[in-house]
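Comments concern the structure below.
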Amino acid sequence: MSTHDAIETSPPSAFPQVPQQQEMPLAIVRGEPVLQMPQDLYIPPDALEVILEAFEGPLDLLLYLIRRQNLDILDIPIAEITRQYIDYIELMKDLRLELAAEYLVMAAILAEIKSRLLLPRPPTDEGVEGDPRADLVRRLQEYERFKKASEDIEALPRADRDFAVAHAYMPDKSVVRVPPPVDMRELLLALKDVLTRAELKGHHEIRREALSVRNRMSDVLNSLADGNFHAFETLFDPAEGRIGVVVTFLALLELAKELLIEIMQSEPLAPIYLKSLATVN
């Protein structure tokens with residue numbers, strides 16, 4: 001028996017297995033691990049999309065680089081900022097992004113400031129030349145103020161975005177219900193009913209008539225002086241006969257014409273009520 005056969009026929013306990021690290025799958029497809037790259041896999045050249053920070057201009061990009069490094073805006077390290085700025089422009093070129101001319105102009109300004117810091121400068125009339133970075137710092141500070149103001153305005157609550165204006169209709173609770181006006185036909189029917197009852201109790205006699213429409217108007221106002229509603233029939237005295245009923249009715253019409261009384265009826269064929277609108281002393 002060969003050594004190879006002896007190894008294959010040996011019991012498992014004689015050679016303990018050494019734990020081995022499993023290979024990390026490339027991907028999990030439908031729950032199954034994929035350990036090898038497929039030979040027919042096609043990756044389009046535009047499959048990878050890199051989303052960069054959105055900047056509104058070269059000053060915005062420069063301010064972003066300064067804030068990201070926690071640098072003092074009054075003491076800008078031109079060399080480091082220029083390098084990062086150029087790297088960002090190269091990255092945009094690699095991603096085939098369209099570059100505005102302002103970004104390239106800002107790169108030229110940074111290169112100019114860097115050269116002015118490195119090269120010897122001739123003395124001026126005052127003997128001391130200003131910092132070449134001063135104008136750039138002033139522009140950055142001004143841009144930062146306007147950007148902060150625009151962000152504060154954008155954070156304000158906006159109608160139809162953060163809130164909606166609600167409208168609610170509240171009816172007037174102090175509604176005065178005006179009784180419907182009395183129809184003349186209803187008034188005449190009530191008069192006919194009163195005349196019918198007056199004829200049943202009337203006496204035929206000839207005497208000098210002492211009734212007056214003006215006096216009866218005063219009598220009606222005195223009867224309604226309490227301010228309450230009185231039934232139409234209660235203002236007539238059947239004992240006066242037909243002439244008394246007619247005089248009282250004419251007095252009521254005259255008072256209604258002069259807006260001294262109010263005549264109302266809640267619905268057709270309903271009782272008629274009267275109320276005084278004048279103050280009787």
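The values are calculated or read from the model by the stated rules, or taken from the named source; none is laboratory data. All of these numbers come straight from a predicted model, not from anything done at the bench. With ideal geometry, Cβ positions are generated from the backbone for all residues, glycine too; neighbour counts draw on all protein chains shown.
Odds and ends about this structure:
- Residues that are touching an Asp or Glu at 6+ places or on another chain (Cβ under 8 Å) and under 10 Å from Glu267 (Cα atoms) within segment 179-198 comprise just one, Pro180.
- So Ser266, is it out of contact with any Asp or Glu (no Cβ under 9 Å at 6 or more places or on another chain), hydroxyl-bearing (Ser, Thr, Tyr) and closer than 19 Å to Arg185 by Cα: yes
- Members of segment 247-263 found to be more than 14 Å from Leu187 (Cβ to Cβ) and assigned to a helix (DSSP H, G or I), listed by number: Val247
- Each residue in segment 133-185 was checked for being among the aromatic types (Phe, Trp, Tyr) and either assigned by TED's automatic domain parsing to the domain that holds Phe232 or in a loop (DSSP other than H, G, I, E, B) (or both), and 1 pass.
- Boolean, Arg139 is surrounded by 10 or more Cβ atoms within 10 Å (Cβ to Cβ), basic (Lys, Arg), over 30 Å from Pro268 (Cα atoms) and free of Cβ contacts under 8 Å to residues at least 24 places away in the same chain: no
- Test result for Lys192, at pLDDT 85 or above and loosely packed, with under 12 Cβ neighbours inside 10 Å: yes
- Restricting attention to segment 197-241, the residues that are at pLDDT 80 or above, in a loop (DSSP other than H, G, I, E, B) and not acidic (Asp, Glu) add up to 7.
- Verdict on Leu259 being surrounded by fewer than 19 Cβ atoms within 10 Å (Cβ to Cβ) and closer than 14 Å to Pro181 by Cβ: yes
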